[in-house]
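Working notes, beginning with the structure itself.
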Amino acid sequence: MGEDSPLLPVIGASVKDMSRYMTGLGCSVFAVCLPSGHQLWLSVTDRSAGLGSVGPDGSLPENIVKSYFDGTALSRGPYTVESFGGRDYYLFAKGISIYEGGVNYRISVFYGQYEIMLRWESGTGTRTGEDIETLKAVIRSVQPVN
């Protein structure tokens with residue numbers, strides 16, 4: 001992110017502040033569309049400190065993952081689960097937006113002890129089926145490097 005980042009005027013922060021914020025979130029990638037007020041944040045976070053280590057098959061136990069998302073639902077709202085390519089994706093469509101009158105959408109999936117999370121915000125309060133399909137395609141494209 002540089003001084004010309006389109007996100008800086010939206011957030012009202014300096015590059016240093018944003019870098020610190022993104023590091024805290026574990027955020028790797030972000031995007032912003034100023035005319036539509038959309039933001040997309042992608043992060044990869046090692047959850048082993050709170051959820052434990054992976055089992056012999058390389059994944060966290062299903063009951064631990066479900067408990068994690070049940071706890072997340074307290075602040076993010078209800079979720080649905082959608083399976084794709086042998087993985088469960090947890091979709092939060094009714095979370096609280098950072099914008100007054102905005103809408104939020106979050107998708108999370110686990111690879112081992114790493115949570116890959118895509119958060120999307122719309123400052124205009126609009127969200128289409130096409131937006132959701134694009135977000136699903138983005139998170140499904142994230143694959144760990146072995």
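What list of whole percents do you get for P(r) of the chain, with Cα-Cα distances grouped in 5 Å bins up to the one holding the largest distance?
2, 8, 18, 22, 20, 15, 9, 5, 1, 0
Can you give the relative contact order of the stretch 64-146 as a percent, counting alpha carbon pairs under 8 Å and 6+ residues apart?
Values: 117 pairs, mean separation 15.6, N = 83.
Relative contact order of the stretch 64-146: 19 percent.
Can you pull out the GluC sites (Glu not before Pro) in the stretch 42-142 that DSSP calls coil and that have at most 10 other Cβ atoms within 10 Å? Could you put the intermediate results ahead of the total?
Numbers: sites: Glu62, Glu82, Glu100, Glu115, Glu121, Glu130, Glu133; in loops: Glu100.
Here the sparse-neighbourhood loop sites are Glu100.
In Å², and per residue, what accessible area does the chain have when probed at 1.4 Å with the other protein chains present?
56 Å²
Give me the compactness ratio for the stretch 94-146, meaning the Cα radius of gyration over 2.2 N^0.38 Å.
For the stretch 94-146, the normalised Cα radius of gyration is 1.28.
Provide Leu135, Leu51 ordered by accessible surface of protein heavy atoms (probe 1.4 Å), highest first.
Leu51, Leu135
The values are calculated or read from the model by the stated rules, or taken from the named source; none is laboratory data. Quick caveat: nothing in here was measured; it's all calculated off a predicted structure. Virtual Cβ from ideal backbone geometry, glycine too; neighbours counted across all protein chains shown. The protein model used for the area step is the full one, side chains on, heavy atoms only, and it has no ligands, DNA or RNA in it. Shrake-Rupley method; radii C 1.70, N 1.55, O 1.52, S 1.80 Å.
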